[in-house]
Amino acid sequence: MRVAILGVGTVGEAVARILVRNASIITARAGKSIEPVVGVVRDLNKPRDVAGMHLSTDLSAVLERDDIDVYVELMGGVDGAYAAIKRVLERKKPVVTANKALLAYHRDELARLSADVPFGYEASVAGGIPIIKTLRDGLSANHIISIKGILNGTSNYIMTSMMKGGVKFKDVLKRAQELGYAEADPTFDVGGFDAAHKLLILSSIAYDIHARPEDILIEGIENISSDDIAFAKEFEYEIKLLAIARRIGERVELRVHPALVPKDKMIAKVNGVMNAISVAGDAVGETMYYGAGAGGNATASAVISDLIDIARGINPPMLGYKAPIAPLSLVPKGEIQSKFYFRLNVEDAVGVLAKITKIMSEHALSADAFLQRRDDENSLEATLFFITHTAFEKDAVKFMQILKSSDFVRGEIFMMRIEE
Ligand SMILES: NC(=O)c1ccc[n+]([C@@H]2O[C@H](COP(=O)([O-])OP(=O)(O)OC[C@H]3O[C@@H](n4cnc5c(N)ncnc54)[C@H](OP(=O)(O)O)[C@@H]3O)[C@@H](O)[C@H]2O)c1
């Protein structure tokens, strides 16, 4: 089977290398050899370890070649990658991609275009963890109750360093960039968008639901302070950026945000750049998957497993549905329910606490725990921390708006959800 690799960067280079290094076991498992024939790049002068594979900068010409059996898209980006893949599928040639951003926006069109052509995207979510096949094939007998994942290694590395090493967000981010764990522009990772893209892909498989990033609740870890870390430690929590999909009746809740997670939960113990996903099915119960979420080799491992499936003639429906199911709708952001944590600075005066609890009760919120701290004896301000019982997102947001406009709150109010 002759393969073209569109994009020979971190992942593409690893794919070319492993196809050569592990050729004999791959051939035995695939039933035929899988050969990287040509790679497409922008700059032919960059040094690359591609085991003798021919390189070209002419993407259009490579897309029209008749001697290529399968195309692997590893360029990244949305529009250019979509146009290239669309052309390949129109020519009825199989495609493998690791491009989660592309799938977050175009998976429905791609599912239609690839109805009778194999389309592999195992590498698009959680790198080396085979979660797409697990959800689509291994758990296909189940109604999926929930998916809860740590899907972004950069954010998890930062949160782990903040929790364990007492390092501030800005300083850990700088170190993560130096170590190559974080991009120069980290917004995509620390802002929760990368995890959201992956969650949308998983939720399409679990629920056949067709949401886009802008439809769902996405918050990042940028505003977590050392005060929040100290609170989490005192109350036996870890803080994790979680991607959550949960079925509630005929509706599905989708959200990405940092959350306080009890320390003894399995997902709370996932540290550093590692990813983990917990999937609960109505028949199987709770299952858990752990592994490297990124990196050239781990991601290439997933890409090549798709290539082996194609060589074997395996062609499951892209999102796992041969026929439509009764549609599920998305829970509107305001109707998502959880317990909340609030941190705010207030004027340190008699009666302030009573005023806050009154506003809380007017907005269907009730405090489960409360803590007050004053760093400096002479300060006229105090930091308050609240944990609430389960409430609606819209009530928590309204509560914050009213507090912000009050004359006793100083500065921003920080809110985080609690996931038990
Ligand atoms: N890196 C990971 O750990 C990881 C994990 C999971 C998924 N992914 C996904 O895998 C894909 C590739 O990621 P990567 O980290 O390997 O990216 P990368 O290192 O930036 O490599 C991209 C490659 O594509 C080439 N390229 C980009 N635009 C091109 C164009 N218009 N025409 C021709 N060649 C083009 C680049 O050429 P030049 O080298 O000449 O610039 C480069 O070789 C992305 O969709 C990413 O989201 C990556």
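Amide H to amide H under 5 Å from S56: which residues, 5+ apart in sequence or cross-chain, H placed 1.01 Å off N in plane?
Long-range HN contacts for S56: G39, V40, V41.
May I ask you to give the solvent-accessible area per residue for the chain, in square angstrom, as obtained with a 1.4 angstrom probe?
Each residue of the chain exposes 43 Å² on average to a 1.4 Å probe.
Label points 7 Å out from Cα along the Cβ direction at R29 and E377: separation in nm?
Spacing of the two 7 Å Cα→Cβ label points: 6.7 nm.
GluC sites (Glu not before Pro) within segment 290-392: which are DSSP loop residues with at most 15 other Cβ atoms inside 10 Å?
E377
Before anything else, pin down the relative contact order of segment 333-418: Cα pairs under 8 Å, at least 6 apart, normalised by residue count, whole percent. Don't skip to the end; give the middle numbers.
Working: 156 pairs, mean separation 42.1, N = 86.
Averaging sequence separation for qualifying contacts and normalising by length gives 49 percent for segment 333-418.
Would you kindly derive the ³J(HN,Hα) couplings of segment 220-227 from the backbone phi angles with the Karplus curve 6.51 cos²θ - 1.76 cosθ + 1.60 (θ = phi - 60°), listing them in order in whole Hz, with x for Gly and Pro?
The phi angles translate into x, 9, 4, 9, 6, 10, 5, 4 Hz.
With a Förster radius of 56 Å, plug the Cβ-Cβ distance of A283 and L44 into 1/(1 + (r/R0)^6) and report the FRET value to the nearest 0.05.
0.60
For the Cα atoms of the chain, what angle does the longest principal axis make with the long axis of helix 296-312, in degrees from 0 to 90, nearest 10?
Computed tilt is about 50 degrees.
Relative to the longest principal Cα axis of the chain, at what angle does helix 153-165 sit, 0 to 90 degrees, rounded to 10?
Result, in degrees: 40.
Count neighbours as other Cβ atoms within 10 Å of each site's Cβ, and list the trypsin sites (Lys or Arg not before Pro) in segment 285-362 that are DSSP loop with at most 11 such neighbours.
Listed in order of number, the matching sites are K322.
In terms of solvent-accessible area of protein heavy atoms at a 1.4 angstrom probe, what is the ranking of Y289, Y71, highest value first?
Result of the area sort, largest leading: Y289, Y71.
Rounded to the nearest 500, what is the chain's calculated 222 nm mean residue ellipticity when only DSSP H runs of at least 4 contribute -39500 (n - 2.57) each, over all residues?
The per-residue figure over the chain is -10000 deg cm²/dmol.
Give a residue-ordered list of calculated ³J(HN,Hα) values for segment 172-183 (Karplus: 6.51 cos²θ - 1.76 cosθ + 1.60, θ = phi - 60°; whole Hz; x for Gly, Pro).
Result, ordered by residue: 5, 4, 4, 5, 4, 5, 4, 7, x, 7, 10, 6 Hz.
Under 23 Å Cα-Cα from K198, which lysines qualify once same-chain neighbours fewer than 8 residues away are excluded?
K86, K100, K133, K148, K240, K265, K269, K322, K333
Whose amide H sits under 5 Å from the amide H of A182, counting only residues 5 or more places off or on another chain, with H placed in the peptide plane?
Placed amide hydrogens put Q177 under 5 Å from A182.
Based on a Kirkwood Rh over C-alpha pairs, give the Stokes-Einstein translational diffusion coefficient of the chain at 4 °C and viscosity 1.567 mPa s in µm²/s. Intermediate results must be reported in sequence, preceding the final value.
Values: Rh = 23.1 Å.
Diffusion coefficient, whole number: 56 µm²/s.
For helix 10-21, what angle does its Cα long axis make with the longest principal axis of the chain, in degrees from 0 to 90 and rounded to 10?
Its long axis makes an angle of about 40 degrees.
Relative contact order (percent) for segment 59-119, with alpha-carbon contacts under 8 angstrom and 6 or more residues of separation?
Details: 60 pairs, mean separation 22.0, N = 61.
Value for segment 59-119: 36 percent.
Could you pull out every residue, at least 5 positions away or on a different chain, whose amide H is within less than 5 Å of the one on E381? Hs are placed 1.01 Å off N in the peptide plane, and Pro or chain starts have none.
D348
Subtracting the Cα-Cα distance from 0.36 nm times the residue separation, let me have the gained length for S56 to F235 in nm, one decimal.
Net length gain for the segment: 58.8 nm.
State the percentage of accessible surface on the chain attributable to carbon and sulfur atoms; use a 1.4 Å probe and exclude ligands, DNA and RNA.
C and S fraction of accessible area: 51 percent.
Subtract the Cα-Cα distance of E109 and D407 from 0.36 nm times their separation in residues, and report this length gain in nm to one decimal.
Fully extending the segment from E109 to D407 adds 102.1 nm.
So if each residue of separation counts as 0.36 nm, and I subtract the Cα-Cα distance between I325 and V78, what length gain in nm does that give? Working shown, then result.
Numbers: separation 247, 0.36 × 247 = 88.92 nm, distance 2.83 nm.
Full extension from I325 to V78 adds 86.1 nm.
The values are calculated or read from the model by the stated rules, or taken from the named source; none is laboratory data. Predicted model only: the values in this text are computed from it and were never measured. Neighbour counts are summed over all protein chains in view; Cβ atoms, including those assigned to glycine, are modelled from backbone coordinates with ideal geometry. To get the accessible areas, we keep the full protein, side chains included, count just its heavy atoms, and leave off ligands, DNA and RNA. Shrake-Rupley method; radii C 1.70, N 1.55, O 1.52, S 1.80 Å.
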